[in-house]
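Notes to accompany the following structure.
The values are calculated or read from the model by the stated rules, or taken from the named source; none is laboratory data. No experiment lies behind these values; they were computed from the predicted model shown. Please note: Cβ atoms are built from the backbone with ideal geometry, for glycine as well, and neighbour counts cover all protein chains shown. Surface areas here come from the heavy atoms of the whole protein model, side chains and all, with no ligands, DNA or RNA. Shrake-Rupley method; radii C 1.70, N 1.55, O 1.52, S 1.80 Å.
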Amino acid sequence: MIATVGHGYLLRTGPESFDLAAFRDGVAKAQEAAGAGDHAKAIYLLDETLGLWRGPALAASSGDFVEPQRLRLSKLRLAALESKVVAQVELGAHGDAGLVLDQLIGEHPLNERFRELQMLSLYRYGRQSDALAVYRETQELLAEELGVDPGHRLRSLHERILRADAGLITGSGGPSSARPGAQADARAPERPGQAHPRALHRGTNPDATALREQVAKVHWPA
């Protein structure tokens, strides 16, 4: 609505007119759906919400004030993507989660949370050895780049995978539930020639070559 004010005009808008307000609202609704166990709805809402992004935030602006705001907005988007992956893992859509995680880990290779979700997704899909390979890869990368060991959460998940903790399959106390994100079977049966998408691209995986040769035969889970 445009109003006359003095010798000029004033454009009156509400919070709903701004993408950021719509984004926050969409994330909140998705978290509510995930909290109620409706992970499919959470994914749908997050897909719509993330669709509001059209390239980097404040791409046409610059200056001392803009850079911190751009970083803040980028972190909000990253958190929404993480919530989407959590919902995908809980729903059992491990193929979709693997594709998103490949992109996120490529952009943020030292982010242990993304590695944690990747390990859990692989394990729930029946790829225990590949989940353990991700841990070794992460351990080597952190030591080389930062001179540190993996954090407590990643080490704890690694230990639970080693002892085949049933709670990781059922979601009871599993790491994906640490943050908000019709349930599907969380662990698909493993068949010859079937592999998680991440297993096809990780160079440290000893079975990578054979897996790449069989990729044409793979049917990823929905």
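Numbers at a glance
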read-out	value
Residue satisfying condition, being at pLDDT below 95 and either open to solvent by 40 Å² or more (accessible area, probe 1.4 Å) or more than 27 Å from Leu141 (Cβ to Cβ) (or both), within set Ala79, Ala42	Ala79
So His152, is it closer than 27 Å to Ala80 by Cβ, at pLDDT below 50 and either out of contact with any Leu (no Cβ under 7 Å at 6 or more places or on another chain) or buried (at least 17 other Cβ atoms within 10 Å of the Cβ) (or both)	no
Residues that are among the acidic types (Asp, Glu) and under 16 Å from Gly26 (Cα atoms), drawn from the stretch 71-94	Glu82
Flag for Leu168 being within 30 Å of Gly51 (Cα to Cα) and either buried (at least 24 other Cβ atoms within 10 Å of the Cβ) or at pLDDT below 95 (or both)	no
Residue list for the stretch 16-39, filter: outside any helix (DSSP H, G or I) and either under 16 Å from Leu78 (Cα atoms) or at pLDDT 70 or above (or both)	Ala36, Gly37, Asp38
